[in-house]
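Working notes for the structure below.
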Amino acid sequence: MKIKFEGTRGEIEEYSRKHRHHSSLLVEEGKFKLLIDHGVKTCSLERIKPDAILITHAHPDHFAWTKKNLQTNIPIYLTRQTFNYARFKPQNYNFIKPNKKFKLGPFTILPYKVIHSIRCPALGFKVSLNRKSLIYNPDLIDIVNKNKILKNVSLYIGDGSSIRSNLVRRKNNKLFGHTRIQTQINWCRKYKISNVIFTHFGKEALSFGDKKLEKKLKQKNPDINIKVSYDGMVIKF
Ligand SMILES: [Zn+2]
Ligand SMILES: [Zn+2]
């Protein structure tokens, strides 16, 4: 499996040379290319040429169809809620449900519920091949069923929106927003996940700088292999 970070930026105005495109991940095995999320500011689909696209939720940094009427025949996998929320509709769509596994090319995909937005309910994805599994949840406060989802995971890719600031909000007793980086590292420690990469960076991480952030995270968590991703980063996994 080869993974490429097509984009690593959250829904913020600021950007840098290394975090220009909205968060998006390309997972490749053999000739099959699976893209997770395709936001407003990313490489064109003609350039990426994915075989299928998974969508986590209907925020514009993840689902370009909320703002643009993109024409493509590439099959897009999303929940009915995400489809309904978007202003424009992809032509070739397939509805998926949390906790219902399915196959895409060589991969087994498990969508799962995460807490992130009230109006745009979000999924995370567990992508498995042979005995390896990666988790991708670029935006979240929490995973609904951590005991099940974080078991036997080789790589956790998580939400880099918040280092110190509290981005968890509450409305009508419901939570929305983003949890901190350290909280996610603590989950990984508990579930014995030793490889962790962050994406979806916000203002805080951008002003901090990648090297400084990575160094600080490694110092605090020497038992875990932590990386700060950047646009175009490729990992063999
Ligand atoms: Zn986002
Ligand atoms: Zn979001």
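The values are calculated or read from the model by the stated rules, or taken from the named source; none is laboratory data. As the structure is a prediction and not an experimental result, all values here were calculated from the model. No Cβ is skipped: glycine too gets one built from the backbone with ideal geometry, and neighbour counts run over all protein chains shown.
Starting from residues that are closer than 19 Å to Lys174 by Cα and in contact with a Gly (Cβ under 8 Å, 6 or more places away or on another chain), keep the ones in segment 114-152 and report whichever is surrounded by the most Cβ atoms within 10 Å (Cβ to Cβ).
Result: Asp139.
Of Ser154, Ser207, which residue is over 16 Å from the mean Cα position of the chain (by Cα) and closer than 30 Å to Ile118 by Cα?
Only one candidate qualifies: Ser207.
Which condition does Lys190 not pass, out of (1) at pLDDT 95 or above; (2) closer than 21 Å to Pro111 by Cβ, if it passes all the others?
(2)
Exactly one of (1) surrounded by fewer than 23 Cβ atoms within 10 Å (Cβ to Cβ); (2) without any contact (Cβ under 8 Å) to a residue 60 or more places away in the chain; (3) of a type outside the set (A, V, I, L, M, F, W, C); (4) touching a His at 6+ places or on another chain (Cβ under 9 Å) is unmet by Gly158. Its number?
Tallying (1) surrounded by fewer than 23 Cβ atoms within 10 Å (Cβ to Cβ); (2) without any contact (Cβ under 8 Å) to a residue 60 or more places away in the chain; (3) of a type outside the set (A, V, I, L, M, F, W, C); (4) touching a His at 6+ places or on another chain (Cβ under 9 Å), Gly158 fails exactly one: (1).
Under 8 Å between Cβ atoms, at least 6 apart or on separate chains: pull out the pairs that start in segment 136-155 with a residue that is more than 19 Å from Pro60 (Cβ to Cβ) and in contact (Cβ under 8 Å) with a residue 40 or more places away in the chain and end on any residue that is away from ligand 1 (no atom under 16 Å from the Cβ) and of a type in the set (Gly, Ala, Ser).
What qualifies is Val153/Ser133; Ser154/Ser133; Leu155/Ser133.
Is it the case that Leu206 is modelled with pLDDT under 95 and buried (at least 16 other Cβ atoms within 10 Å of the Cβ)?
Considered against the rule, which asks whether it is modelled with pLDDT under 95 and buried (at least 16 other Cβ atoms within 10 Å of the Cβ), Leu206 comes out as yes.
For segment 124-151, give me each residue that is over 24 Å from Gly202 (Cα atoms) and either under 10 Å from the mean Cα position of the chain (by Cα) or not in a strand (DSSP E or B) (or both).
Answer for segment 124-151, where residues must be over 24 Å from Gly202 (Cα atoms) and either under 10 Å from the mean Cα position of the chain (by Cα) or not in a strand (DSSP E or B) (or both): Asn130, Arg131, Asn145, Lys146, Asn147, Lys148, Ile149, Leu150, Lys151.
Quickly run through segment 122-164 and pick out the residues that are of a type in the set (Gly, Ala, Ser) and either within 16 Å of ligand 1 (Cβ to nearest atom) or within 22 Å of Tyr85 (Cβ to Cβ) (or both).
Ala122, Gly124, Gly158, Gly160, Ser161, Ser162
Condition (residue is modelled with pLDDT of 95 or more and out of contact with any strand residue (DSSP E or B) (no Cβ under 6 Å at 6 or more places or on another chain)) applied to segment 167-175: is it met by at least one residue?
no
Report yes if Phe201 is buried (at least 16 other Cβ atoms within 10 Å of the Cβ) and not charged (D, E, K, R), otherwise no.
yes
Could you list, in sequence order, all residues of segment 180-200 that are out of contact with any helix residue (DSSP H, G or I) (no Cβ under 9 Å at 6 or more places or on another chain) and either part of a loop (DSSP other than H, G, I, E, B) or of a type in the set (Ser, Thr, Tyr) (or both)?
Answer for segment 180-200, where residues must be out of contact with any helix residue (DSSP H, G or I) (no Cβ under 9 Å at 6 or more places or on another chain) and either part of a loop (DSSP other than H, G, I, E, B) or of a type in the set (Ser, Thr, Tyr) (or both): Thr183, Lys192, Thr199, His200.
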